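**Student:** Questions regarding the structure given below will be posed in turn.
The values are calculated or read from the model by the stated rules, or taken from the named source; none is laboratory data. In this text the structure is predicted, and so the values were computed from the model without any measurement. A quick note on method: Cβ atoms are made from the backbone with ideal geometry, for glycine too, and the neighbour counts reach across all protein chains shown.
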Amino acid sequence: MTGSRLRLRNNSNIAIIGGGPAGSFFANNAIQYAKKLGINIQITIFEAKDFSQRGPGGCNMSAAVIASTLHSKLIKDGIALPERIIRQEIKGYYFQTQEYGIELYKPELSDKSSILAVYRGNGPLYSVHMESHSFDDCLLRHVIEQGVNPVYEPVQELRLSSDIDTPATIIYGKSNSYKEMKADLVVGAFGVNSTIVNKIIALNFGYVPPETIKTCQIEIPLSAAFIKKSFNDNIHVFALGIKPFRFASMVPKGNYVTVSLVGTRDLTKKDLLNFVNHPVVRNKLPHDWEMPDKFCMCIPKITLSHAKKPFTDRLVIVGDASISRIFKNGIESAYITSQLAAQAAFEKGISSDDFDRHYYKPARKLLAMDNFLGTIILILSDFVTKQNWLVKARLSYVKSRKGSWIANHLNELLWNMVTGDAPYKKILIQGINPVFQIRLIPVTIKVLIKDIFEKITRFYGLKK
Ligand SMILES: Cc1cc2nc3c(=O)[nH]c(=O)nc-3n(C[C@H](O)[C@H](O)[C@H](O)COP(=O)(O)OP(=O)(O)OC[C@H]3O[C@@H](n4cnc5c(N)ncnc54)[C@H](O)[C@@H]3O)c2cc1C
């Protein structure tokens with residue numbers, strides 16, 4: 001089959017399974033391409049969730065930080081986020097270890113876009129507000145306003161014909177009232193928390209979904225004044241060097257703080273309680289704070305690798321269910337894969353070969369290769385954060401020598417690690433920069449000697 005035979009034409013229709021970011025971004029791109037080519041395309045988005053619901057039922061559970069790089073892409077695409085969606089404009093990051101914490105400063109960037117904290121659904125369970133806070137709903141409404149047809153029902157099954165000239169069939173609806181729809185192209189934007197994944201695997205065209213791990217999140221209600229004072233508009237990122245946590249963050253959002261935890265294994269509610277009761281974390285909360293009786297908590301999956309063969313004739317899979325950068329800006333990865341897939345579909349064709357050459361290969365090059373380096377960096381970073389004396393030495397150096405080349409370099413390295421503003425390749429190059437490593441040697445030796453001396457004096461009880 002060649003790309004020239006299976007193509008989107010005038011009056012073709014596209015069915016998108018999933019109205020999260022990947023689904024809406026694909027639709028947005030498809031609308032632009034159809035306009036450019038002067039063809040009429042019917043686009044239907046199937047979404048199983050009701051984004052007006054509060055809590056996990058109406059939410060695509062995440063820390064929901066919109067990276068400044070994605071924010072600028074949204075502005076460029078004419079997707080304006082209304083004020084009601086932006087819970088907090090984020091000034092920067094506070095990097096917290098067991099013994100030390102510093103405010104990282106934003107490296108000089110020409111771009112003036114901001115980091116934003118939002119809610120994916122309509123805010124936490126038990127929250128009280130009148131207008132919609134849902135970022136995903138806002139993206140979805142943007143494409144609906146441009147003519148996309150939303151169907152708020154789950155897709156149950158997808159049938160692909162062995163005759164490639166026959167369109168695909170979508171079976172959707174709630175139990176006992178299933179309906180069918182024909183589609184020239186099906187876009188799988190169903191993420192990694194959906195049961196439809198098993199139905200897609202069962203189609204036997206070779207799709208292997210990404211490996212995942214269960215994370216844990218909680219929304220902590222606090223007074224807005226306390227959050228402002230304690231968090232100072234910064235996202236607090238924790239490198240406590242304790243098991244099983246690999247990555248932990250507290251994101252201020254007006255009168256709530258979102259705690260997100262990623263571990264080296266599936267996390268549970270018990271891990272979450274251990275984390276919020278850790279003395280360093282308790283320090284960020286009011287001294288008399290107690291876990292509320294009722295709270296909004298979720299255990300979503302996060303990807304650890306990328307999918308194999310997320311495409312076949314008339315089907316392409318985008319977003320988390322396909323390829324995304326591990327632990328970094330998943331929504332922006334959804335933007336990238338959706339853009340590449342739409343470009344392939346409209347400019348080249350919708351056959352398996354078209355998606356392989358013009359979507360999967362470039363997406364792998366951009367995102368998956370970088371994930372390989374990311375895995376190495378995360379292993380190194382896990383090791384380093386367990387060496388408290390070393391972390392403390394380097395962080396106190398950044399603080400005390402702010403403005404020097406070496407402090408700026410280390411700050412930028414940490415900034416890129418926590419924000420994902422730069423690819424892992426750049427982070428690795430920054431980390432192994434020989435000038436940087438050589439100039440760190442005296443700093444490290446000085447602190448190592450001081451650390452050993454302190455241990456000896458403590459041991460002999462000479463310290464007051
Ligand atoms: C703990 C955690 C923290 C994170 N923090 C961030 C962050 O701060 N910033 C960031 O950029 N990324 C973050 N991510 C990653 C981000 O959440 C994902 O990368 C992003 O949601 C992927 O978008 P998607 O559209 O591919 O999938 P999803 O957001 O999962 O959307 C899939 C949609 O498909 C719908 N759907 C599924 N099956 C069906 C069906 N059968 N029929 C109809 N509809 C269906 C679902 O209801 C859902 O709306 C985080 C992830 C986790 C787990």
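**Student:** Just the residues that are within 14 Å of the ligand (Cβ to nearest atom), more than 14 Å from Thr419 (Cα to Cα) and either among the aliphatic types (A, V, I, L, M) or touching a strand residue (DSSP E or B) at 6+ places or on another chain (Cβ under 6 Å) (or both), please, taken from the range 56-80.
**Tutor:** Result: Pro56, Met61, Leu74.
**Student:** Turning to a different aspect of this structure: On the given criteria, is Leu272 at pLDDT 95 or above, farther than 16 Å from Thr419 by Cα and more than 16 Å from the ligand (Cβ to nearest atom)?
**Tutor:** no
**Student:** Further question on the same structure: Considering the range 138-186 alone, what residues qualify as being in contact with a Ser or Thr (Cβ under 7 Å, 6 or more places away or on another chain) and acidic (Asp, Glu)?
**Tutor:** Glu180, Asp184
**Student:** Exactly one condition in (1) closer than 17 Å to Tyr93 by Cα; (2) within 16 Å of the ligand (Cβ to nearest atom); (3) not hydrophobic (A, V, I, L, M, F, W, C) is not met by Pro423; state its number.
**Tutor:** (1)
**Student:** List the strands (runs of 3 or more DSSP E) that sit entirely inside the range 97-181 and contain at least 2 residues that are charged (D, E, K, R) and surrounded by fewer than 16 Cβ atoms within 10 Å (Cβ to Cβ).
**Tutor:** 155-159
**Student:** Just give me the residues in the range 251-272 being exposed (fewer than 14 other Cβ atoms within 10 Å of the Cβ) and not β-branched (Val, Ile, Thr), in sequence order.
**Tutor:** Once the filter is applied, which keeps residues that are exposed (fewer than 14 other Cβ atoms within 10 Å of the Cβ) and not β-branched (Val, Ile, Thr), the range 251-272 yields Arg265, Lys269, Lys270.
**Student:** Can you name the residue in the range 196-217 that is outside any loop (DSSP other than H, G, I, E, B) and more than 27 Å from Val384 (Cα to Cα) and, of all such residues, is nearest to the ligand (Cβ to nearest atom)?
**Tutor:** Once the filter is applied, the top-ranked residue is Ile196.
**Student:** Follow-up. Take the conditions touching a residue at least 40 places away in the same chain (Cβ under 8 Å), surrounded by 24 or more Cβ atoms within 10 Å (Cβ to Cβ) and either away from the ligand (no atom under 16 Å from the Cβ) or not hydrophobic (A, V, I, L, M, F, W, C) (or both) and apply them to Ala345. Does it pass?
**Tutor:** The answer is yes for Ala345.
**Student:** Further, regarding this structure: Pick from the range 285-329 the residues that are assigned to a strand (DSSP E or B) and in contact with a helix residue (DSSP H, G or I) (Cβ under 6 Å, 6 or more places away or on another chain): which of them is farthest from Val257 (Cα to Cα)?
**Tutor:** The selected residue is Thr312.
**Student:** Among Ile331, Ile302, which is within 12 Å of the ligand (Cβ to nearest atom), over 30 Å from Lys35 (Cβ atoms) and within 17 Å of the chain's Cα centre (by Cα)?
**Tutor:** Ile302
**Student:** Filtering the range 232-250 down to residues that are small (Gly, Ala, Ser) and not in a loop (DSSP other than H, G, I, E, B), which residue is surrounded by the most Cβ atoms within 10 Å (Cβ to Cβ)?
**Tutor:** Of everything passing the filter in the range 232-250, Ala239 is surrounded by the most Cβ atoms within 10 Å (Cβ to Cβ).
**Student:** May I ask you to say which residue of Tyr359, Tyr397 is within 30 Å of Ser161 (Cβ to Cβ) and touching a helix residue (DSSP H, G or I) at 6+ places or on another chain (Cβ under 6 Å)?
**Tutor:** Unique residue meeting the criteria: Tyr359.
**Student:** So Lys308 passes all but one of these: (1) touching a Ser or Thr at 6+ places or on another chain (Cβ under 7 Å); (2) more than 12 Å from the ligand (Cβ to nearest atom); (3) basic (Lys, Arg). Which condition number does it fail?
**Tutor:** Lys308 satisfies all of (1) touching a Ser or Thr at 6+ places or on another chain (Cβ under 7 Å); (2) more than 12 Å from the ligand (Cβ to nearest atom); (3) basic (Lys, Arg) except (1).
**Student:** Looking at the range 351-368, is at least one residue touching a His at 6+ places or on another chain (Cβ under 8 Å) and within 16 Å of the ligand (Cβ to nearest atom)?
**Tutor:** The answer is yes, given that some residue of the range 351-368 is touching a His at 6+ places or on another chain (Cβ under 8 Å) and within 16 Å of the ligand (Cβ to nearest atom).
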